Amino acid sequence: MNSIDSFLNEKLGMNVVPTKLYHLTPAKNIERIKKEGLKPTASKSSLLGIFLSDDKFTAQNYASMYRDDSEFFVLTINGSLLNPNKIVPDNYEFPDLVSQMTDKEQEKYDLSSWVDSLKVCNQVAYTGIITPNMITKWEKYEN
């Protein structure tokens, strides 16, 4: 999240979507995504969404979850085109990281806030469709 977005979210309590969000996908999905976009799918945690990060490195780390793919793409999503009402907190990393905090630290975070999810784990889920025109960059990434 850039400094202006952070200021608006933290100081003014606004829910400003970062201008750039990242999503990792196996290369075999690229042609379909170019035609249809990204559609919410069920994750291991059962949340139906498209998982996004405001940190490119965090998105790249998910390559280790795939056993049979060695070639990936990191997609850059134009966050200003996303509907903020369809952004939800990450329901895997975020609650886990907050549960490891002291009680006093936990009080600072709302587990239902996607803004807090970005602060703690740099991840959120998008429950809408991300159309191909919302993807601004297709970057090859090899694990």
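The values are calculated or read from the model by the stated rules, or taken from the named source; none is laboratory data. Note that the structure is predicted; figures quoted are calculated from it, not measured. Methodologically, a virtual Cβ is constructed for each residue, glycine included, from the backbone with ideal geometry; neighbour enumeration extends over all protein chains shown.
What the table below lists for this structure:
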| quantity | calculated |
| --- | --- |
| Qualifying residue in segment 39-47 (condition: at positive phi and either at pLDDT 95 or above or of a type in the set (Ser, Thr, Tyr) (or both)) | yes |
| Residue count for segment 102-129, restricted to those that are out of contact with any Pro (no Cβ under 9 Å at 6 or more places or on another chain) and not in a helix (DSSP H, G or I) | 5 |
| Qualifying residue in segment 83-101 (condition: of a type in the set (Phe, Trp, Tyr), surrounded by 13 or more Cβ atoms within 10 Å (Cβ to Cβ), assigned to a helix (DSSP H, G or I) and in contact (Cβ under 8 Å) with a residue 24 or more places away in the chain) | yes |
| Hits in segment 16-67 - residues which are in a helix (DSSP H, G or I) and under 16 Å from the mean Cα position of the chain (by Cα) | Lys56, Phe57, Thr58, Ala59, Gln60, Asn61, Tyr62, Ala63, Met65 |
| So Ser99, is it at pLDDT below 95 and within 13 Å of Tyr141 (Cα to Cα) | no |
| Hey, Thr127 out of contact with any helix residue (DSSP H, G or I) (no Cβ under 7 Å at 6 or more places or on another chain), in contact (Cβ under 8 Å) with a residue 12 or more places away in the chain, hydroxyl-bearing (Ser, Thr, Tyr) and within 17 Å of Leu38 (Cα to Cα) or not | no |
| Check on Ala125, in contact with a strand residue (DSSP E or B) (Cβ under 9 Å, 6 or more places away or on another chain) and surrounded by fewer than 14 Cβ atoms within 10 Å (Cβ to Cβ) | no |
| Answer from Phe57, Phe73 - the residue that is closer than 26 Å to Glu142 by Cα, surrounded by fewer than 17 Cβ atoms within 10 Å (Cβ to Cβ) and of a type in the set (A, V, I, L, M, F, W, C) | Phe57 |
| Hits in segment 68-82 (condition: closer than 13 Å to Leu38 by Cα and either among the charged types (D, E, K, R) or not in a strand (DSSP E or B) (or both)) | Leu82 |
